[in-house]
Every structure is written in structure tokens, then in C-alpha cells.
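Take this structure first; my questions come after.
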Amino acid sequence: MFVWKKDDLNREQEDAIFEEDSVFLVACPGSGKTRTLTYKIAYELSRIESKKQFIVAITYTNTAADEIKERVELLGVDIKQLWIGTIHAFCLDWIIKPYGLYHDRLKTGYSIIDPFESEKILTELCEPYKSLKVSYYDCDYIAMPSGCKMLSEDGSKTPYIKKVLIEYGRILRENRQIDFELILHYTNQLILKKPLISVILSNLFKFILIDEYQDTKEIQYHIISSVLKSGRGKTKALIVGDPNQSIYETMGGYPIVKEDLEELIGYKLRKYNLSSNYRSSSKIIEYFDYYKTSDNDIIAGGKNHDYNSIITYNNAIDESNLEDEIVDLIRYNINECKISPNEICVAAPQWYPLAKITRNLITKLPEYSFNGPGMAPFARNLDNFWYKVGRIALTEPDPRIYIRRLRWSAELIEELFDLGVDVNKITNKNFLRFCNSLEINKESGLEYLEVFFFNVSVYFSFEIKSIQRLNDDYNAFFEGATSRIKRAKEENNNTTTESLDNFKKVFKPREGIKVTTIHGTKGEEYDTVIGFGLVNDWVPHFTDDNGDANSSKMLYVLSSRARKNLHLFSERGRSVHRKYAPEGKPPTPCLGEYDFEYDDVVTTSG
Ligand SMILES: Nc1ncnc2c1ncn2[C@@H]1O[C@H](COP(=O)(O)OP(=O)(O)OP(=O)(O)O)[C@@H](O)[C@H]1O
């Protein structure tokens, strides 16, 4: 049985792990959700009796899945009977691949469309409606238990978006492709049509864990609940998340309440809380506690507990002076507070102002490196075979990541085997050794990878073009990367995006001052957080009909990322509009109304 050291976990974490029944765990920010989940998985894996059963963990992102898998492995527990991944991967591996033949749309074959290709099709379909300002960004839709639903609430555009989406669906059908939402939609149809699927799965799964439940879509609860319900309590569950952090509601996130979930699964869950925050100072916790929309306790329990935090709010500065003020704050944090640049994050509620601010911060602070939007030269798409080869190609043979690279190598061999490639006699060690031995003298990341991928195909004796899936992934990878590099050049004037060094950075630990959206900070933590663009219509978004609660959640997430210092801005003169905002957008209401005793920081520009 897996045992841990006395101080690894606190009492609340242990209680949730030792509970024999199914658990609904509400965890405050920085309370060690990931650690609790990791230990629970290791604990359950070590107790599994049948060789035919699995522990299943569903994470919000592929990156989280990878991180948890690795942490479990580091705890010394065998992970053969662990399945971990996103809900899409779950639906594909456990339902669509084995049972797709029972669905009319899937039985003649299907492939998963690359998000980049999907964007390309939708962009082309929006072309005739350009003058009506209908773009790819309006065409988001989500799978719901009752069918697919478009997300745009702009009534003037909906008839055109509908036309675009109908045509998009037709093209996918014709090409036998499915996108991420259709994966969920068809899975739900399959389990409704064939209840036996859920029965079989409930026999296979001893435990199902769901991370970040607050951002889970409604349809996902239906899919998982169908399995849990069929097991009648035999398959145990751990559902963990924080309703105060549910910032994806406008995109379909559904922070289900315990009682509703119990009704779906047909039995009771035991409620536990994690209330000890290991991340932030008491002052930061006191600050973000104000924004909570769902009641739960938060206690400062970490080493920053007594840190003398600085929290500032500036709603007087004009947009034209904002960058200089941020530059001064960055210098102040680095020079006076001795905070590392890698531990500073600048965040805004939207993508739109980030490219410009990153570009200008790079110019104004040449002594520091930045990690901004659009600087990664390719998408982290774990469904793309060549992205996964890229992980090995772009990481160094370093003993600290040997186990990880070995696992990546084994995963690639397994995938090639599934595609019918002869992998007989090739071991993960041999393949990794081969990759490490390749010497490719190219300065461009794209050229380097082209040669690397070619060598891999020769090593396994296949031609990329002759295997459709590998050919599609290859084209999607290079077209996507080429388009990102072009965009970075145009938007950020960034000419180093295509260098091999920049390609390698994708897999290196976080480096430089991070510039991102508030959504992009999810799950992250920094010593200093600087938030700007906290203005009405952005937070809350002007289309949001639950704006008050959702803006509190955005501020809750943003502020709770900070360990030490927090600086917020509702700059004046932002997006002046003759009719809607003649003087620029006013501050986010719940921020403007908060009567907090902010600190003063005297910087050179202010
Ligand atoms: N029992 C513990 N003792 C000491 N430190 C802990 C303990 N549990 C977790 N931590 C530390 O607390 C920090 C926050 O943990 P983690 O990132 O898992 O939080 P989280 O609950 O996922 O937060 P959020 O919901 O805000 O993203 C990490 O640095 C982690 O190592």
C-alpha cells in the first residue's frame, strides 16, 4: 500500500483521501488540489485488487494530465492501471473508439479535425458576412445534453452564424471529421442509445476523479454520471473544484451543485473542504475573499502567511500612461521587493490589448525577458502525433527528465503500433537513444523539425504521406506553426519566433515576465500579479447576463494567483466610444465599489 510522509499532506487533505465513499471536494485557491488528487490516485492505484480495473482521472487540460501522471509516477506507484486525460480523450478512448460502430455518423470511419483546420474552414465560411462583422470568433458552439447550442448572444449576427455552422457541419460530415464538441455530442448520444456501454465501463472503473469541476460542461456530468449511476455506487468518485473560480460559465462551464450531481448519479456524495491556502499572504487572502460568490473558509496556512503584501489599485491613470506605470511597478517589485522576473505576471481580461503591451514592455524593459501571447511558435496539441514527436525533438537528454522522455517515447511507439506501423523490436529506450543521436544543424525551428520528423519516419520505415492520420497531423502542425509565426511577425514585430531556441522554450520551465489573459492564469501562481483593463464591458463582458457574479469570479481568480503583491488598474480612456463610453469605459463595478484600504507605491511616473 502506498504510504506518505507525515508532513506531505494536512489533515483535511488526508480526510478526503481516506474517505471510502464518493467525495465532493470544494477546495479554496492554493489549497493543494493537485497534491490531493495526485496522492488520492496513488493511494487508489496501490489498493486496486483486480488487474482488469482502472483508476480514471479527468483533467481540464492535457498539460494538467501530464503533470499529475508524472507526479504519481514520481511517488513510485505503478501507473499501468491509471487512465488520465481530458474529457475528450476519455470519450474517444473509452466510448467512441470501441463503440463508434453503433453510431450512424461514426460507423463508416471518422477523424478528429485539428483545431487549426477547423478555424480555417470557419474563417472561410464567414467571409461572405465580413461586412456584418461576423467572424470565426462568433462561431463558438457547445454540446449540451439536449443538443448543440451556439454561444453568441448577438441577435443581429445569429442568423448568419447559424448558416455558417450548418455549412460547417455539412463539410465535416462530408469529410467524415468530428471536432471537440462533436466528440461530446456523439458520446452522449451513444451512451443514451446503448446503456450497456455505461454498465461495462462501471465494471472497469474502480474510481473516477474529476478535477476543476467548476469549469466542466453540463454534458460531461451527464456522460460521467451515466457510468457512475450504472455502477450503483460501486465505482467511487472524487469531484474536486472551486465554484468561486468558475470563470468559464459564458463558454459553457457549469459549476454543478452537489445535490444536482447526486440526483444525476443516483446516490449521495460526502462533502469535504480544503480551506488552508498555502500560496498567499493573509493580506492577499483577506483581499480576494471579498469577491467570493459561494461561501467557503480560507485560512492562510503557507510560508507567505506573514508577508507584508502591497496591494494597489489605480483608477485615475489614463490609458496612455498605463504602460509606463506597469514598467515602474515591475522595476519596483524586482528592485525593492526582490521578486524574480519569472514570478511576475501581467494579466488582462481580453487577448486584444496584450500583443501591444507585450511589444512595448519588451522595448521599455530590454533587460528582462517576456513570455507573452503568440510567442509560442506552435500549439500544444497533444492530439497531434507530430507535436508529440516535437516534445522529444526539442527537449535535451537531461537525467532530470529522462523518465518523462522515456514515457513520451513509449506513447509514440504505441500510437504507431495502433496505426499499423511495424514497431516490433523497437523499445522506448532504443527510440529515445536514436532521437538523442540525431545531429541537425538548422537554426530555424521549422526546418529542424522537418528533418527530425523525416528521420523518425525513416527509423520506423514508413512514409508520412502514406498514413493518412500522420499526413493530416503533419500538415496541420506545419501550417499551424507557419501561420502563428507569420502572425507574431505582423502583430508583435517579433522576428525570433521561428528560431530553434524559441521552439525549445515551449518545453522549458516558465521563463520571463508572463503576459496573459485572466483565463490564462488559471491554476498558476506568481509572487506579483499586475491586472489591467479591469473596466466595465470587459469585466463583466458586455454580453454577459450574469455579469455581477462573473466579474467577482474574474477578480477572485486574478487576485488569488498572487503570493505577495497585487496591483490592479481600471485605466481611464479605455475604448472610447461616442455612444457607449464617451469618456472610456468606467471601472468594473464590484472593484470600484470595494472599500479596501489600498497601499500607495510611489513610482517614478506616478
Ligand atoms: N500539505 C501541504 N503542505 C505544504 N504545502 C502544500 C500542501 N499541499 C499543497 N501545498 C502547496 O500549496 C501550493 C498550492 O497548491 P496547488 O497549486 O495544488 O493549489 P490549487 O488548490 O490547485 O490552487 P488553485 O485552485 O488556486 O489553482 C503548491 O505550492 C503546493 O506545493
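Read-outs: derived from the displayed coordinates by stated rules, not from any lab. This is a predicted model, so every value here is computed, not measured. Note: ideal-geometry Cβ built from the backbone for every residue, glycine included; neighbour counts use all protein chains shown.
Report, ordered by chain and residue number, the aspartates and glutamates lying within cross-link reach of Lys283, taken as a straight Cα distance under 17 Å and ignoring same-chain residues fewer than 8 apart.
Asp297, Asp306, Glu525, Asp527, Asp595, Glu597, Asp599, Asp600
Okay, next question. Starting at 0 and stepping by 5 Å, how many percent of the alpha carbon pairs of the range 1-134 end up in each bin?
Reading upward from the zero bin: 2, 8, 14, 15, 16, 11, 9, 9, 7, 5, 3, 2, 0.
Can you list the lysines whose alpha carbon sits under 27 Å from that of Lys504, skipping same-chain ones fewer than 8 residues off?
Lys69, Lys120, Lys356, Lys364, Lys388, Lys429, Lys442, Lys465, Lys486, Lys489, Lys514, Lys522
If you take the C-alpha gyration tensor of the range 424-564, multiply each eigenvalue by 5 and take the square root, what semi-axes do you get, largest first, in whole Å?
Values: eigenvalues 334, 66, 60 Å².
Result for the range 424-564: semi-axes of 41, 18, 17 Å.
Using per-residue counts of other Cβ atoms within 10 Å, averaged over each peptide, order 438-448, 567-577 from highest down.
On the way: 438-448: 14.0, 567-577: 20.3.
Output ranking for 438-448, 567-577: 567-577, 438-448.
Could I ask something else about it? Nothing charged except the Cβ atoms of Lys and Arg (+1) and of Asp and Glu (-1): what's the magnitude of the dipole of the chain about its Cα centre? Round to the nearest 20 debye.
Values: 78 positive and 89 negative charges, 380 e Å.
Dipole of the chain, to the nearest 20 debye: 1820 debye.
Enter the Cα centre distance for the pair the range 383-408 and the range 192-230, rounded to the nearest angstrom.
After rounding, the separation between the Cα centres reads 31 Å.
Let me ask another. When we measure straight from the Cα of Lys193, which aspartates and glutamates land under 12 angstrom away, once same-chain ones fewer than 8 places off are left out?
Asp104
If you don't mind, there's one more thing I want to ask. Put +1 on the Cβ of each Lys and Arg and -1 on the Cβ of each Asp and Glu in the range 265-371; which of Phe370, Ile317, Ser281 then has its Cα farthest toward the positive end of the dipole?
Ser281
Let me ask something additional. Please give the direction-averaged projected area of the C-alpha convex hull for the range 270-336, in square nanometres with one decimal. Each step should come with its number before you reach the end.
On the way: hull surface 26.4 nm².
For the range 270-336, averaging the hull's shadow over all directions gives 6.6 nm².
Right, another one. Taking 4 °C and 1.567 mPa s as the conditions, I'd like the Stokes-Einstein D for the range 200-348 in µm²/s, using the Kirkwood hydrodynamic radius from alpha carbon pairs.
69 µm²/s
Going by Cα centres, the range 504-530 and the range 137-180 are how many Å apart?
Between the Cα centre of the range 504-530 and that of the range 137-180, the gap is 32 Å.
I would also like to ask the following. So what is log10(I(q)/I(0)) for the range 444-524 at q = 0.13, 0.21, 0.23 1/Å, when the Debye sum runs over its Cα atoms only?
So the normalised log intensities are -0.57, -1.09, -1.17.
Give the long-range amide H neighbours of Ser309: residues separated by 5 or more places, or on another chain, with amide H under 5 Å away, using H modelled in the peptide plane at 1.01 Å from N.
When sequence neighbours closer than 5 places are left aside, the close amide H contacts are Lys283.
Rounded to the nearest 5, what % of the DSSP beta bridges within the chain are antiparallel ones? Before the final figure, lay out each step's value.
Numbers: 8 of 55 bridges.
Restricted to the chain, the bridges split so that about 15 percent are antiparallel.
Please quote Rg/Rh for the range 352-462 to two decimal places, taking the Kirkwood radius as Rh and restricting both calculations to Cα atoms.
Values: Rg = 17.5 Å, Rh = 16.1 Å.
My calculation of the ratio gives 1.08.
Next up: If you average 1/r across every pair of different Cα atoms in the range 216-294 and take the reciprocal, what Kirkwood value do you get, in Å?
That comes to 14.6 Å for the range 216-294.
Can you pull the three principal axis extents for the Cα set of the range 104-166, in Å, largest first?
40, 27, 16
Sorted from fewest to most neighbouring beta carbons within 10 Å, what does the list Asp545, Asp297, Asp179 look like? It would help to have the intermediate numbers written out before the result.
On the way: Asp545 8, Asp297 12, Asp179 22.
Fewest-to-most ranking of Asp545, Asp297, Asp179: Asp545, Asp297, Asp179.
Can you show me the helix-derived [θ] at 222 nm for the chain, built from DSSP H runs with n ≥ 4 at -39,500 (n - 2.57) apiece and divided by the number of residues, rounded to the nearest 500. Present the calculation step by step, with values, prior to reporting the outcome.
Working: 21 runs with 250 residues, N = 606.
-13000 deg cm²/dmol, from helical runs alone.
Starting with the highest mean, order 204-212, 519-527 by the number of other Cβ atoms within 10 Å, averaged over the residues of each peptide.
Values: 204-212: 22.4, 519-527: 18.4.
The peptides rank, most packed first, as 204-212, 519-527.
Restricting things to Cα coordinates, could you compute the convex hull volume per residue of the range 160-210 in Å³? Working shown, then result.
Details: hull volume 5.6 nm³, N = 51.
In the range 160-210, the Cα hull volume divided by residue count equals 109 Å³.
For a paramagnetic label modelled at 7 Å from the Cα of Asp501 toward its Cβ, which residues of the range 430-462 fall within the zone defined by backbone nitrogen distances under 19 Å?
The answer is 440-449.
Against the empirical 2.2 N^0.38 Å scaling, what ratio does the C-alpha Rg of the range 52-93 come to? Write down the numbers at each step before the final one.
Working: Rg = 10.2 Å, N = 42, 2.2 N^0.38 = 9.1 Å.
Taking the Cα Rg and dividing by 2.2 N^0.38 Å, one obtains 1.12.
Now for a separate question. Name the residue from Leu555, Ile58, Tyr290 whose Cα lies farthest towards the positive end of the charge dipole of the chain, charges +1 on Cβ of Lys and Arg and -1 on Cβ of Asp and Glu.
Looking along the dipole axis, the top candidate is Ile58.
To continue, here is another question. Stokes-Einstein D for the range 506-606 at 4 °C, 1.567 mPa s, Kirkwood Rh over Cα pairs, in µm²/s? Walk me through the intermediate numbers first.
Working: Rh = 15.1 Å.
D, rounded to a whole number, is 86 µm²/s.
Determine, for Ser457, Ser466, Ser340, the number of other Cβ atoms within 10 Å of each Cβ, and report the residues in order from fewest to most. Mind showing how you got there, number by number?
Values: Ser457 19, Ser466 9, Ser340 12.
Ascending Cβ contact count within 10 Å gives the list Ser466, Ser340, Ser457.
Further question on the same structure: How big, on average over all directions, is the shadow cast by the Cα convex hull of the chain, in nm²?
Projected area, direction-averaged: 27.9 nm².
Between Asp104 and Glu259, what is 0.36 nm times their sequence separation minus the Cα-Cα distance? Round to one decimal in nm. Present the calculation step by step, with values, prior to reporting the outcome.
Values: separation 155, 0.36 × 155 = 55.80 nm, distance 3.53 nm.
That works out to 52.3 nm of additional length.
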